[in-house]
Each structure stands twice: as structure tokens, then as C-alpha cells.
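Reading through the C-alpha cells given below for one structure.
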Amino acid sequence: MLRERLPHRCSYFALRVVAGVRYTSRAGGVQKTSMKIHEYQAKEILRKYGVPVPGGEMVQTLEEADRAAKDLLDKGNAVVVVKAQIHAGGRGKGGGVKVVKSLADASTASKAILGMQLVTHQTGSLGQKVQRLLIEEGSAIDRELYLGIVLDRAAARLVFMASQAGGMEIEEVAHATPEKIYKEYIDPAIGLQPYQARKLAFKLGLKSTQIGQATAFMLGLYKAFVETDSTLMEINPFITTKDDKLLALDCKINFDDNAMFRHKDLKELRDLAEEDPLEVEASKFALNYIKLDGNIACMVNGAGLAMATMDIIEYAGGKAANFLDVGGGANQEQIENAFGILLSDPNVKAIFINIFGGILRVDVLATAVVAAAKKLNVQLPIILRLEGTNVEEGRKILAESGLKFEVGTTMKEAADLAVAAAKGGK
């Protein structure tokens, strides 16, 4: 179901931990409202805000990787880290992070990682092709901790989280031992206060010589979060070193898509190669699309209705092939583009259109569906469940279209029809 798929799309436990959310897309319900960036890009942003990160360089070829590793070794670094750059966590367990001590080993690691199809618990079974590497200086790690900032929807405030259980799957920590996640809620009128940062620093068990560094670290992190219109910022692990320094060894940042008009420089950081091609295509037409692994395409208007639709398909014995929300005011062109995107998935065996007409009147939707089906010569079974404004006019338009639509009077009836159609009418 959608709730099983979407955590892989977003990777971040934080929304679920603080607000009890069972699933979320790239933030905010299931609509795509956040933009991801790579680790190396996130670290460049942190540098601008005075947040310490290890030195390193992003490379895209083996020649560049060898040069970058040689530069670090020549500067006296005893250890070099070769890190795959994809929009997912769990890279180390998947073989995407290697710690090496020589140029030969660095070259071997780069050859193994660059171009590999990296599979982690956040990529799904198909994995993600590694097209970029971060060649980074090693760190003498003493402790691995966790820091994160996210919006707690229930409290309607940002929450700054910290844990001594960094460097591991923080989702498991939150599930098994939630008391190990420390939280400071931030008053939006005054922002994160130094005393709050110090409280978290003490709870992390930092040395007295590290408290001031940690306070500055957290205040810089919060400033970066607010000024870049982030929806999520995670430092995992947040490390202390043998010489008592603090570093962001890894960083994940998501940005609010709706605020990108204010940040043209950040918008340029988007890596389309890391996104599903159909999702990218849908975004061009203001359609919210997420590919799933079933064979029943779903066209709906509204995220809540989409989730209910995919749940009822599963209860009927089928599996959704996608989540596609045409929104409240879709026009004929968008409906045509939506059909084109649905038909581009070779796994789709039936199309289930579930519309509640409010702003988008049912007769307008029906007219657009008929026109799109004729123009694209759709041969797949199309099942509809229609309710709302001008529903009778909409059903009449479908009945008089000359096309073989199936219309369910209830969601359950329509779901049963869709599942049967996807199975070949059996």
C-alpha cells in the first residue's frame, strides 16, 4: 500500500516520530512538496552557516575520484572516505561507503561504487544508480550522535531533536526507546534560544569543553533551516572527535517546493536523475504522481481520497500502480497528460478514476476523460466512481460517449471492478 511505499520515497523518520504520522511523501501528506538534495550539497550549505563539516569534493568520473583522493592523502589525511551520492540513507550497509587508507584502495573503492545500482532500505528493491561520489577526509570519531529539525504538525511548531544513539537507524531507536529522543520545541516568535541548545548539549552527555561548540553548531543549524525554507534537516551522525571537535559527518536536507521561488540558487540543486522519470514528467503539468508497484492506475482528486482509493484496492485483492492526484481544478489538458503518464507504465492493466466533484465538477471531468480516451486511443479498461457536483450529467456523458467505461456506484463496487479488470476479467 501507499503507506508502505512512501517512507522509501522520503527516507525520514522525523515526521513520523514527532507527529505520529504513519506515512508521508516528500513532506506534507502525500503531495510532493519537498525537494531533496545530495549530501555534498547539504554540507556546502552548512559551511555557509558556520556548521563544521569534513573537507571533501564531489566527483563524477574515476579520474576525478583518484585526483581528489590523492589531494587529501597528500595533505596528510591518514584516512579517505569514498561515499556514494544518492537520495537515500543506508548507503554504508549497501556497500556505498568505503573507508580507505591508500590511493590504490581509494581507486578500487571508487571503481566499485561509481555506476553501481545501490540498494538500501530506502531505495526499494530496484535501487538507485550511483552517478556521483563524495571523496572526503576521514575523521577520528569518538562518539556518534544525532540531531534533527522538523515541523511537529500536532504542536504547530518546529522541534529540535537530539539523541545519543546516532550513526544507526534512528527509526528503530524512536520505536524501541523513544525516551532516548530529546526534544526542544521552538517558539516561532523568537526562534531557537541558546539555553535550549545548551539543554540538548548536556542531554547528549557532551564534555564541558564541547558545550559552547555544540550550542553554536545547533544555532547555525537552526538558522540554516529557517533561511533556506527547509522542511527537514538531519545530522546523522553528528560526531565528536578524539580532539574534542564536533562535525556533521552526514547531512540530509529537504526544502519546501512552495518556497523555491525565493531560492533560485537552491532550486538549481535539484537532481532529476534521482527522481522517477514519470514523477518528473507529471510535475511539469502540476500533477502529483508517485509510482508504486501494482497494476491498477489510480486517477483521483485529493490526497485523502487517493489513500482511501489505494487502501480499498488492496482490500479488494489488487495493488495500485501509482498515486496520481489531478487536483481540484484540473482541465482537459491536464487530464490528457495524466492519461499519458498512466499509460507510460507498462505494468498498468486497468485505470481506476475515483473523483469527488467539488471545485472540479463531475461533468467537466467526464468530458475531459472522454476526450482524452478518444485522443489517446486508450485500450485499457477504465473504471470510474463519480460523486459530487453534476454527477448525473457526468454519468450521462460517459454513457453516451460510445466508449466502454465501467461505472461503480460505490468505491467498493468500483474497486472490485478494477481488480477484476486488471486480472483479465476473471
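We did not get these values from a lab; they are worked out from the coordinates using the rules stated. In this text the structure is predicted, and so the values were computed from the model without any measurement. Don't worry about glycine lacking a Cβ; one is built from the backbone with ideal geometry, like all the others, and counts go over all protein chains shown.
Find the all-direction average of the projected area of the Cα convex hull for region 55-138, expressing the result in square nanometres with one decimal place.
Average of the hull's projected areas for region 55-138 equals 4.6 nm².
Divide by every residue of the chain the summed helix terms, -39500 (n - 2.57) for each DSSP H run of at least 4, and state the resulting mean residue ellipticity at 222 nm, rounded to the nearest 500 deg cm²/dmol.
It lands at -11000 deg cm²/dmol.
What's the percent breakdown of Cα-Cα distances in region 241-396 across 5 Å bins, shortest bin first?
Binned Cα distances yield the sequence 2, 8, 16, 19, 17, 12, 8, 6, 4, 2, 2, 1, 1, 1, 0, 0.
How tilted is helix 411-422 with respect to the longest principal axis of the chain? Cα atoms for both, answer in degrees (0 to 90, nearest 10).
It works out to around 90 degrees.
Taking Rh as the Kirkwood radius, which is the inverse of the mean 1/r over Cα pairs, what is the Rg/Rh value for region 176-231?
1.00
Are there chymotrypsin sites (Phe, Trp or Tyr not before Pro) in region 260-366 that DSSP marks as loop and that have at most 12 other Cβ atoms within 10 Å, and which are they? Before the final figure, lay out each step's value.
On the way: sites: 261, 285, 289, 315, 323, 339, 352, 356; in loops: 285.
Hits after loop and neighbour filter: nothing returned.
Cβ neighbours within 10 Å, averaged per peptide: list 191-203, 397-409 in order, most packed at the top.
191-203, 397-409
Considering the Cα trace of region 148-249, what is its radius of gyration and what is Dmax, both in angstroms?
13.2, 40
Give or take rounding to whole Å, what are the principal axis extents of the alpha carbon atoms in region 308-415, in descending order?
31, 27, 26
Note down the magnitude of the dipole of the chain about its Cα centre, charges +1 on Lys and Arg C-beta and -1 on Asp and Glu C-beta and zero elsewhere, to the nearest 20 debye. Spell out each step's value before the answer.
On the way: 53 positive and 52 negative charges, 90 e Å.
That gives a dipole near 440 debye.
Pairing the Cα long axis of helix 194-203 with the longest principal axis of the chain, what angle in degrees results, from 0 to 90 and rounded to the nearest 10?
Between the helix axis and the principal axis of the chain, the angle is about 80 degrees.
Taking H placed 1.01 Å from N in the peptide plane, check which residues at least 5 places from residue 142 or on another chain put their amide H under 5 Å from its amide H.
240, 241, 242
Under the √(5λ) rule applied to the eigenvalues of the Cα gyration tensor, what semi-axes describe the equivalent ellipsoid of the chain? Give them in Å, descending.
Output for the chain: semi-axes of 46, 24, 18 Å.
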